[in-house]
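To keep things clear, I will list the structure first and then write my remarks on it.
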Amino acid sequence: MRSLHPASVAVRSLSRSLNTGFLFFVVGIVVSPGGNGTDLLSVGALVAIGIVMGIIYEFAYYRRFRYELTENSFDVTSGVIARRDRELPLGRVQNVDIRQNVVGRILGIAAVHIETAGGGQTEVSLQYVAEDEAHRLRRQLRSGASAETSDAADSSPDETGAQATESKREADDEKLLFEIRPHELAILSVFTIDPGASLLGGIALSFASGFDPATLLPTDRIAGLPGPESGLLTLAWGLVLFLLAAWVISAALTFTRYYGFRLTRAGDELYYERGLLQRYSGTIPLGKVQTLTVSESIPFRWFGYAALSVETAGYAPGQSDSRGTESAIPLADADRVAELARAIEPFGPIDLEAPPRRARERYAVRYSLVVAAIVGGAYAVARYTAVVRQWYAFAALVVLVPVAAHLKWSNRGYRIDDRYFLTRTGFWRRTTKIVPYYRVQAVLHQATIFQRRRRLASVTADTASSATLLGRAATAYDVDADRGLEIQATIEERLQNRLRARQRERTVERWFRDDESPDDDPSAEPGDGG
Amino acid sequence: MERLTPRVRVVWIALAIVRATIFGGFLVGAAIALMRTDFWDAAPSILVPAAVAVAVVLAVVRVLIAWRRYGVWRFDLRDDDLYIERGVFTRVKTIAPYVRVQHVDSRRSPLERATGLATVVVYTAGSRSSDVAIPGLTPSRAEEVQESLRRLAIESAGEDAV
């Protein structure tokens with residue numbers, strides 16, 4: 001059994017005592033004697049008690065925390081008051097992440113997070129272990145997991161020996177797949193909009209202005225203008241300032257997040273590293289890939305860039321605390337992205353079948369209705385207020401309808417590959433999803449009342465990736481209804497075929513293993529490891 | 001293709017009526033409140049009858065939808081997968097392979113117990129509305145379905161279902 005790094009007591013109690021110290025500060029303010037005014041001494045004493053309690057707790061946590069990597073499981077014993085023994089079968093490990101913040105980098109310690117498919121949160125967090133111990137754990141968990149899935153019984157219990165061969169193998173087959181280039185990082189930083197940045201931008205602005213927004217406004221210039229225009233101009237000026245601040249912060253955040261992004265492949269896992277101040281690194285097991293997503297957002301698509309994200313069942317895009325960790329490539333040339341995606345899942349060419357033309361009519365009708373609603377709204381506003389006068393001017397939007405309908409239609413498509421189901425949708429953020437048939441959980445054929453009018457339907461291949469609000473499943477939108485049924489049947493049939501093929505492979509493998517333990521790696525295709 | 005037990009319409013219609021009553025209660029209540037208080041001075045006298053009419057129409061529509069839902073619902077335990085067809089407005093045809101079944105529940109709400117029906121719920125690891133439920137089965141049929149699903153899931157289980 002191993003314990004955490006001793007420095008983790010200091011780091012953990014620092015953050016802990018900030019919490020408890022603040023709590024006791026509040027308590028001290030509330031209960032301080034005298035009623036009219038706070039007694040500095042007693043508040044200080046309470047804060048000190050809070051900090052000391054935090055340190056004691058963290059020391060106990062450190063003393064109680066033990067973990068051990070056995071041949072086929074990872075065991076953790078932890079808990080100060082309520083104790084918990086947790087055993088993680090290595091074959092079930094989905095991702096291993098290493099995170100290091102600035103303090104951690106100075107002290108040479110890192111946090112290790114281990115994800116499995118079940119549960120809503122990280123299954124095991126080691127906060128903190130020594131840096132090289134973190135990397136050793138990652139390697140061993142990885143090799144343990146792959147050994148477990150291919151049922152090889154040759155993982156040596158002798159730790160030092162295993163470690164030596166392991167690190168040797170590491171040097172041998174760790175292959176650099178991708179490294180972000182300065183200009184890619186620059187483009188990514190400039191054009192990425194970080195939702196959190198707007199809030200930070202607002203805070204930064206209010207600090208810069210000394211909590212008086214008026215100081216930032218060039219009122220002396222605007223004052224010359226007459227009447228309500230100056231008010232509008234002030235508002236616009238404030239908005240511009242706010243957007244500028246949000247954009248600068250967003251760019252800075254993105255820059256630090258993806259600085260030094262590297263993706264390497266070691267055996268059957270991808271390994272990424274990134275971050276300027278906080279270092280993040282983690283593994284993506286290729287054998288557990290559920291879906292590949294190639295996304296080309298509009299400014300990046302103009303420059304010929306794309307991004308790739310890999311969804312496993314451990315976590316998926318949008319998981320709040322690990323934002324971006326899952327993206328295999330934040331930004332690269334579209335060709336390179338396609339090449340790398342094929343290295344993970346060898347899918348064929350992406351020449352997609354377009355939805356039938358009557359789907360485009362459907363979009364045109366939909367957008368016409370939107371325009372009609374806007375005109376109607378403008379009419380209502382013009383009728384009852386004086387803000388809008390030429391309400392009918394909005395009818396000019398109608399010229400955009402055919403363009404929008406065509407763009408929506410032309411960016412949609414699907415393909416039934418030999419082993420993959422490919423779907424594409426979205427004009428602003430065009431996403432192409434690649435789903436191996438083997439990963440399909442259920443196939444849905446949906447037709448709304450409006451789709452049925454035009455004999456259209458949407459076919460969804462559902463996988464186990466923990467999709468969230470934004471992570472959409474692979475759906476072929478608005479295909480011909482009968483063709484949709486065909487697609488559905490084909491996906492199911494190919495899934496069953498893949499299952500049977502794998503069953504055969506496993507049986508054959510077992511015969512071989514009974515005969516003699518084979519040296520070559522029997523894991524057949526990268527996309528299909530259990 | 002198997003249909004549901006016709007009795008399931010009783011459950012659905014009862015549910016539709018209960019929901020329509022609650023909604024209609026709010027609607028008519030709001031209309032009466034508007035008439036009684038001087039919040040809206042020029043409230044037309046037709047307001048309350050109109051609210052009642054809307055509530056009644058909505059209730060009738062809901063009952064019709066519940067009736068129609070029975071006509072659409074079909075399911076089939078095929079060789080390798082469970083096939084379900086449902087939906088009045090959005091017609092959904094789901095294929096759930098047995099290999100992917102994580103576990104199977106049988107569930108009976110008070111209303112279902114009163115009418116002697118049961119629902120079988122099939123869970124998969126999928127992320128998107130793929131937890132499928134088959135309502136309106138007689139308890140014995142529900143047990144059979146659950147049992148055969150369990151058997152088929154075990155038979156087809158190759159390796160981990162994720």
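Among the candidates B:Ala51, B:Ala66, B:Ala55, B:Ala20, which residue alone is farther than 30 Å from B:Val8 by Cβ and either modelled with pLDDT of 85 or more or within 16 Å of the chain's Cα centre (by Cα) (or both)?
The conditions single out B:Ala51.
On the given criteria, is B:Thr115 in contact (Cβ under 8 Å) with a residue 24 or more places away in the chain and more than 8 Å from every other protein chain (Cβ to nearest Cβ)?
It is true that B:Thr115 is in contact (Cβ under 8 Å) with a residue 24 or more places away in the chain and more than 8 Å from every other protein chain (Cβ to nearest Cβ).
Restricting attention to segment A:411-447, report how many residues are farther than 15 Å from A:Ala476 by Cβ and of a type in the set (Ser, Thr, Tyr).
1
Which residue is farthest from the other protein chains (Cβ to nearest Cβ), if the candidates are limited to segment B:58-108 and must be assigned to a helix (DSSP H, G or I), among the charged types (D, E, K, R) and open to solvent by 40 Å² or more (accessible area, probe 1.4 Å)?
B:Arg62
Select the strands (runs of 3 or more DSSP E) contained entirely in segment A:411-498, then report the ones holding at least 1 residues which are at pLDDT below 95, buried (at least 22 other Cβ atoms within 10 Å of the Cβ) and facing chain B (nearest Cβ under 8 Å).
Ranges flagged: A:442-447, A:456-462.
Show the residue pairs that are 6+ apart or on different chains and have beta-carbon atoms under 7 Å apart, the first residue being within segment A:78-95 and more than 14 Å from chain B (Cβ to nearest Cβ) and in a strand (DSSP E or B), the second being open to solvent by 80 Å² or more (accessible area, probe 1.4 Å) and not small (Gly, Ala, Ser).
Final answer for the pair search is A:Ser78/A:Arg64; A:Ser78/A:Arg84.
Any residue in segment A:183-201 that's free of Cβ contacts under 8 Å to residues at least 60 places away in the same chain: show its pairings with residues that are of a type in the set (S, T, N, Q) and surrounded by 13 or more Cβ atoms within 10 Å (Cβ to Cβ) at Cβ separation under 7 Å, as long as the two are six or more apart or on different chains.
A:Ile193/A:Ser250; A:Ala197/A:Ser250
Give the residue that is farthest from A:Glu311 (Cα to Cα), with candidates limited to residues of segment A:267-290 that are outside any strand (DSSP E or B) and open to solvent by less than 40 Å² (accessible area, probe 1.4 Å).
Looking at the filtered set, the residue picked out is A:Gly275.
The values are calculated or read from the model by the stated rules, or taken from the named source; none is laboratory data. Values in this document were obtained by computation on a predicted structure and should not be read as measured data. Note that we place each Cβ from the backbone using ideal geometry, even for glycine, and neighbour counts take in every protein chain shown. Side chains are part of the model used for accessible areas, which takes the heavy atoms of the whole protein and leaves out ligands, DNA and RNA. Shrake-Rupley method; radii C 1.70, N 1.55, O 1.52, S 1.80 Å.
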